[in-house]
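Q: Before we start, here is the structure in question, set down as structure tokens.
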Amino acid sequence: LERLQAARNALQLSNERYEAGYSPYLEVLDAQRTANEAELAFVRNRQARLAFSVDLMKALGGGWRAQ
């Protein structure tokens, strides 16, 4: 989560620097790519944790009831 927040902050800073004329748009694109990669890693990690939780519940003989 810290990596994702840092990437989002870097993207915001890159946008501000570009809009002020201090950096090229390529810097914004690079920051956007980094932020996207961080978000993808975060989502993949969360999905893996949820899948492991399901596997653990199944291994322990548990489950969920349909409502």
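The values are calculated or read from the model by the stated rules, or taken from the named source; none is laboratory data. Just so it is clear, the structure is predicted and the values come from calculations on it, not from any experiment. Positions of Cβ are generated from backbone atoms using ideal geometry, with glycine treated the same way; all protein chains shown enter the neighbour counts.
Quick grid of which residues meet (1) touching a helix residue (DSSP H, G or I) at 6+ places or on another chain (Cβ under 6 Å); (2) at pLDDT below 95; (3) not small (Gly, Ala, Ser):
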position	(1), (2), (3)
Arg17	no, no, yes
Glu27	yes, no, yes
Asn45	no, no, yes
Arg49	no, no, yes
Asp55	no, yes, yes
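Q: Still on this structure, I have one more. Pairs under 9 Å by beta carbon, first residue at negative phi and touching a residue at least 40 places away in the same chain (Cβ under 8 Å) in segment 41-53, partner part of a helix (DSSP H, G or I) and surrounded by 10 or more Cβ atoms within 10 Å (Cβ to Cβ), six or more apart or different chains?
A: Phe42/Arg3; Phe42/Leu4
Q: Among what's in segment 32-52 and is aliphatic (A, V, I, L, M) and over 13 Å from the mean Cα position of the chain (by Cα), pick the residue that is nearest to Glu2 (Cα to Cα).
A: Ala48
Q: Hey, could you check segment 7-28 for residues that are free of Cβ contacts under 8 Å to residues at least 24 places away in the same chain and under 27 Å from Gln47 (Cα atoms) and say which is farthest from the chain's Cα centre (by Cα)?
A: Gln12
Q: Considering only residues that are over 24 Å from Leu1 (Cα atoms) and either surrounded by 14 or more Cβ atoms within 10 Å (Cβ to Cβ) or basic (Lys, Arg) (or both), which ones fall in segment 15-31?
A: Arg17, Tyr18, Ser23
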